[in-house]
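The values are calculated or read from the model by the stated rules, or taken from the named source; none is laboratory data. Small disclaimer: the values here were computed from a predicted structure and weren't measured. Cβ placement follows ideal geometry from the backbone for every residue including glycine, while neighbour counts extend to all protein chains displayed.
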């Protein structure tokens, strides 16, 4: 099975290919240049592995939560490519991808947390499930770190992963009432983790059609304040508001 995964929901931009039972990934911290970097990374990966788009059996998208622009880039790219190739797709949570990375490093339970800006965090609790895959213990959520309440399993070892921990470590420890055995406050999602998490859905025939793929923003607030609108216009003038990469150019 040949599967292509794409994730741009956070500062990271990563693409990965499942080929002959192994994941091959290209990953970089792109900041706000995902639109410029995504297509070249995909083209480079396919060229190096000798795989043509028409040879792909399916596609995987990191669907968030994360930045609105970043989530739209990956979802739009995968949706367009899936419809063009008539291939099935699977969407994977950014928080599940973070948890999967920690589980593959040896963790049994992971508190994944991404800095959502606006004094909020995206967070979710995961454990090692069957096959070594991250399994959610709670639904992914978004809220101020000082408002988090979770009835977590006491007396077990937790690993903490994600930029939310890098920003709000002390407050998260207090609210969650846990002392993680290890904290990686710089961890970002990887597309290779999305591949592994998506494999069961493809194997069981639960993949979706391209037009069914949808982002998982979590945050309902989409209206911008006047200040935010001015900042967005300034960013667009600097070139940050360019269109997502066109999958037709692969």
Over segment 94-120, the set of residues outside any helix (DSSP H, G or I) and touching a strand residue (DSSP E or B) at 6+ places or on another chain (Cβ under 7 Å) is 107, 108, 109, 110, 111, 112, 113, 114, 115, 116, 120
When segment 51-75 is checked residue by residue, the ones that are over 14 Å from the mean Cα position of the chain (by Cα) and part of a helix (DSSP H, G or I) are 53, 54, 55
Every listed condition ((1) outside any helix (DSSP H, G or I); (2) touching a residue at least 12 places away in the same chain (Cβ under 8 Å); (3) more than 29 Å from residue 78 (Cβ to Cβ)) holds for residue 155 save (2)
Over segment 174-209, the set of residues closer than 17 Å to residue 99 by Cβ and assigned to a loop (DSSP other than H, G, I, E, B) is 178, 180, 181, 185, 186, 187, 188, 189, 190
- Inspect segment 121-141 for any residue being surrounded by fewer than 23 Cβ atoms within 10 Å (Cβ to Cβ), in the same structural domain as residue 18 (by TED's automatic domain parsing), in contact (Cβ under 8 Å) with a residue 24 or more places away in the chain and not in a helix (DSSP H, G or I) and give the result as yes or no. no
Sole miss for residue 27 among (1) surrounded by 20 or more Cβ atoms within 10 Å (Cβ to Cβ); (2) touching a residue at least 40 places away in the same chain (Cβ under 8 Å); (3) assigned to a strand (DSSP E or B) is condition (1)
Exactly one of 174, 186 is at negative phi and modelled with pLDDT under 95, and that one is 174
Within segment 142-156, the count of residues that are touching a strand residue (DSSP E or B) at 6+ places or on another chain (Cβ under 7 Å) and surrounded by fewer than 14 Cβ atoms within 10 Å (Cβ to Cβ) comes to 1
